[in-house]
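Following: one structure in structure tokens, then a few remarks.
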Amino acid sequence: MATQPPDKILIVEDEPDIALALKIALESVGYEPFWAGDGEKALQILLDDNDCHLALLDIRMPGIDGVEVLKRLRSSNRDVAVIMMSGHGSEELAVECIKIGAEDYLSKPFVLDDMLQRVERARSHRLAVIEKKRLEQEREDFFMMLSHDMKNPMTAVIGSIDIMREGRLGPVNEEQVDYLQSAIDSCNEVILMIDNLLDIRRFEVGKMQLSIQPYQPVDIIRKVVAQFSRAAERDGIRLSLEFKDGIPDIAVDRNALTRIMGNLLGNALKFTPEGGEINVSCNRIEPSDAHLTRVPSYVSLPDGFLERQCFVMLTVRDNGNGIPSDELKCIFDRYMQSSSNGGRERGGAGLGLSFCQLAVESFGGAIWAESEAGQGSEFIILLPCVT
Ligand SMILES: Nc1ncnc2c1ncn2[C@@H]1O[C@H](COP(=O)(O)OP(=O)(O)OP(=O)(O)O)[C@@H](O)[C@H]1O
Ligand SMILES: [Mg+2]
């Protein structure tokens, strides 16, 4: 029953005898009930008293009735659980009140034990709601902390190391430049991980801001490949880009597509041993093309996708470790890493592909992976052309 300090419960009832009976019953089990004789007074108390989280509210009262009190309470930001009390003939109204946001209702004349059970139930439910809100707030605070308190200092660290790497603080030899560049690459990996986490969250809550416009995919992809060429060279991996002339525009968010390709290339580098090869390609695909039949059945395509007139297909192929076929679907799930290639030991969080999938879907496209363990992997993105 009620815990210490006692829970305050407001009884809103214009008949003093009923209010008194309720008060005595509630006090007997440790609550701290108090009384308001009309709707105006009840509203004043409920809107001002931050310690009162539960009200027993009579429906029929002179002046502002219980339904109106409930409506005003629900349009305020006060979080008070309400149990309506209905007299003979107002049961339908009581049911209506549940739709407006009342927790429960009691029909008069009520059995006190039943009333106490309903109060306890409403109280437990409210505590669960408060706990859920607290956890949501904690999660929100954590994401804010990630973006401000971790990402910003990391960016400052990169800036400082870069100044040293460029020799602006004194001469640095080739080996030192390599070490400083590795430090910068590692910091960038952490920033990418934070960005993936934040953007997955933004997609989830519908707050991802995208600026989708027609772009020439080759322009974007060429830049990403150039960014990775030094790391590939350092790791002894051959990185190539293949495309034909006349690739049509696609409607994408430029930053998001850059990040998608960055994640795929980062993975390919991570899971391809020295001496391996990574190939990026960009092709125009016609509806009759056999490539369209390669879309696995578990990939959900937007309505009318296969009836589109033309597509652009982007691929990132490597000849590294590969992925077992039964894991090809789930590697796109959050925090999922293949059991076969030591993703966790390689420092990732398992977020990159989840971001890629959400972003590609937001462009109205599809992404999937093809691979066989030990045979390398290919990540394929299909996007409708801008016609
Ligand atoms: N090119 C690839 N070759 C082999 N395995 C891959 C490849 N790309 C992804 N995987 C597998 O899919 C998993 C999920 O990839 P994802 O990019 O989501 O996470 P991650 O790279 O482990 O971490 P993060 O991207 O968050 O840093 C990887 O851990 C790895 O097991
Ligand atoms: Mg990754």
Exercise. Can you tell which of GLY348, GLY30, GLY262 shows the greatest fluctuation in a Gaussian network model of the chain with Cα springs below 10 Å?
Worked result: GLY30
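Roughly how big is the chain's charge dipole about its Cα centre, with Cβ charges of +1 (Lys, Arg) and -1 (Asp, Glu), in debye to the nearest 20?
Values: 41 positive and 62 negative charges, 183 e Å.
My answer is approximately 880 debye.
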For this session: Please identify the helices of the chain, taking whole runs of DSSP H, that span at least 30 Å along their own axis as judged from the Cα atoms and have a mean Kyte-Doolittle score of -1.0 or higher.
Result: 112-145, 174-204
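Diagonalise the Cα gyration tensor of the chain and give the resulting equivalent ellipsoid semi-axes, square root of 5 times each eigenvalue, largest first, whole Å. Intermediate results must be reported in sequence, preceding the final value.
Values: eigenvalues 743, 138, 68 Å².
Semi-axes from the Cα gyration tensor: 61, 26, 19 Å.
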Exercise. Straight-line reach from LYS8: which aspartates and glutamates have Cα under 15 Å away, leaving out those fewer than 8 places along the same chain?
Worked result: GLU27, GLU32, ASP48, ASP49, ASP51, ASP79, GLU120
Seminar exercise, completed: Distance in Å, no decimals, from the C-alpha centre of segment 283-313 to the one of segment 61-98 is 54
Seminar exercise, completed: Given backbone amide H placed at 1.01 Å from N, residues whose amide H is under 5 Å from that of LEU239, ignoring those fewer than 5 places away on the same chain, are ILE278
Exercise. For the chain, can you list the cysteines whose C-beta has no other cysteine C-beta under 4.7 Å from it?
Worked result: CYS52, CYS97, CYS187, CYS282, CYS330, CYS356
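Please tell me the relative contact order of segment 180-251 in percent, rounded to the nearest whole number, where contacts are Cα pairs under 8 Å and at least six residues apart.
Numbers: 27 pairs, mean separation 26.8, N = 72.
Averaging sequence separation for qualifying contacts and normalising by length gives 37 percent for segment 180-251.
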Seminar exercise, completed: Going residue by residue through segment 363-374, the Karplus relation 6.51 cos²θ - 1.76 cosθ + 1.60 with θ = phi - 60° gives ³J(HN,Hα) values, rounded to whole Hz and with x marking Gly or Pro, of 8, x, x, 9, 9, 7, 10, 10, 5, 9, 3, x
Exercise. Once the piece of chain linking ILE64 and ALA156 is laid out straight, how much longer is it, given 0.36 nm per residue of separation minus the C-alpha distance between them?
Worked result: 27.2 nm
Exercise. Residue by residue, what Karplus-based ³J(HN,Hα) values in Hz, rounded to whole numbers, does segment 277-282 have, using 6.51, -1.76 and 1.60 with θ = phi - 60° and x for Gly and Pro?
Worked result: 9, 10, 10, 10, 9, 9
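If contacts are Cα pairs under 8 angstrom and at least 6 residues apart, what is the relative contact order of segment 257-333 in percent? Walk me through the numbers before you get to the answer.
Working: 66 pairs, mean separation 34.5, N = 77.
Rounded, it is 45 percent for segment 257-333.
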Problem set entry | Segment ASP185-CYS310, length gained on full extension (0.36 nm per residue, minus Cα span) | 41.3 nm
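What does the charge add up to near ASP141, with Lys and Arg as +1, Asp and Glu as -1, over the other residues with Cβ less than 13 Å from its Cβ? Please report the intermediate quantities before stating the final value.
Values: positive: LYS133, ARG134, ARG139, ARG201; negative: GLU136, GLU138, GLU140, ASP149.
For residues surrounding ASP141, the net value is 0.
So how strong a dipole does segment 138-191 carry about its Cα centre when Lys and Arg Cβ are +1 and Asp and Glu Cβ are -1, to the nearest 20 debye? Write out the running numbers ahead of the final one.
Details: 4 positive and 11 negative charges, 36 e Å.
Its charge dipole is roughly 180 debye.
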Seminar exercise, completed: XL table LYS41/LYS71; LYS71/LYS207; LYS23/LYS133; LYS244/LYS329; Cα-Cα > 21 Å flagged, in table order, is LYS71/LYS207; LYS23/LYS133; LYS244/LYS329
For this session: Starting from the amide H of HIS53, placed 1.01 Å from N in the peptide plane, find each other amide H under 5 Å away whose residue is 5 or more places distant or on another chain.
Result: LYS8
Problem set entry | Farthest positive-ward along segment 8-110 dipole, Cα basis, beta-carbon charges - from PRO109, MET85, ILE18 | MET85
Problem set entry | Placed amide H near ARG60: partners under 5 Å, 5+ positions off or other chain | GLY66, GLY87
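Can you work out the FRET efficiency for the pair LYS133 and GLU15, with r the C-beta to C-beta distance and R0 = 45 Å, to the nearest 0.05? Walk me through the intermediate numbers first.
Numbers: r = 35 Å, r/R0 = 0.78.
Taking R0 as 45 Å, the efficiency between LYS133 and GLU15 is 0.80.
What is the sum of charges, Lys and Arg at +1 and Asp and Glu at -1, for the other residues whose Cβ falls under 15 Å from the Cβ of PRO109?
Working: positive: ARG60, LYS108, ARG118; negative: GLU13, GLU15, ASP17, ASP58, GLU91, ASP113, ASP114.
For residues surrounding PRO109, the net value is -4.
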Problem set entry | Ranked list, fewest to most other Cβ atoms within 10 Å of each Cβ, for LEU301, LEU180 | LEU301, LEU180
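Counting alpha carbon pairs within less than 8 Å and at least 6 residues apart, what relative contact order, in whole percent, applies to the chain? Kindly include the intermediate steps, with their values, before the conclusion.
Values: 606 pairs, mean separation 40.2, N = 387.
Averaging sequence separation for qualifying contacts and normalising by length gives 10 percent for the chain.
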Problem set entry | Approximate spin-label separation ASP113-ASP219, in nm, with each point projected 7 Å along Cα-to-Cβ | 7.7
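Read-outs throughout are calculated quantities, based only on the coordinates presented, and are distinct from any laboratory measurement. All figures in this text were calculated on a predicted structure; none of them were measured in a lab. All Cβ positions, even for glycine, are placed from backbone atoms using ideal geometry, and neighbour counts span all protein chains on display.
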